[in-house]
Amino acid sequence: MTAGASTTDANFQPSHASLGVGPAALLASARASATLGKSVPENTCVQARSDTKWHRCQDAEWLAASGPDDPKCTGQKFPLP
């Protein structure tokens, strides 16, 4: 894992129970990430391969994030390798 990566294991896949939400809420707020090739839960931040900018999943949309230290990036963080 590179510096600035999430403090959790990069291979960790949180369950809806560990996120404190029910499965319907998790699915409603999840968003597909082309960079990661999978859907991610709300407040996950991903550095996009397409433009190298950081984006945060919120309400099933991708919003701009200032970087991995953005205070709204409270979920996992995925920098480019």
Checklist entry - Roughly speaking, what is the stretch gain from Asp70 to Thr52, that is 0.36 nm per residue apart minus the C-alpha to C-alpha distance, in nm to one decimal? => result 4.9 nm
Checklist outcome for this item: In whole Hz, the Karplus estimates of ³J(HN,Hα) for the range 57-65 (6.51, -1.76, 1.60; θ = phi - 60°; x where Gly or Pro) are 7, 9, 6, 6, 10, 9, 10, 5, 10
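Computed from the coordinates by the stated procedures, all read-outs in this text should not be read as laboratory data. Since the model is a prediction, treat every value here as computed from it, not as a measurement.
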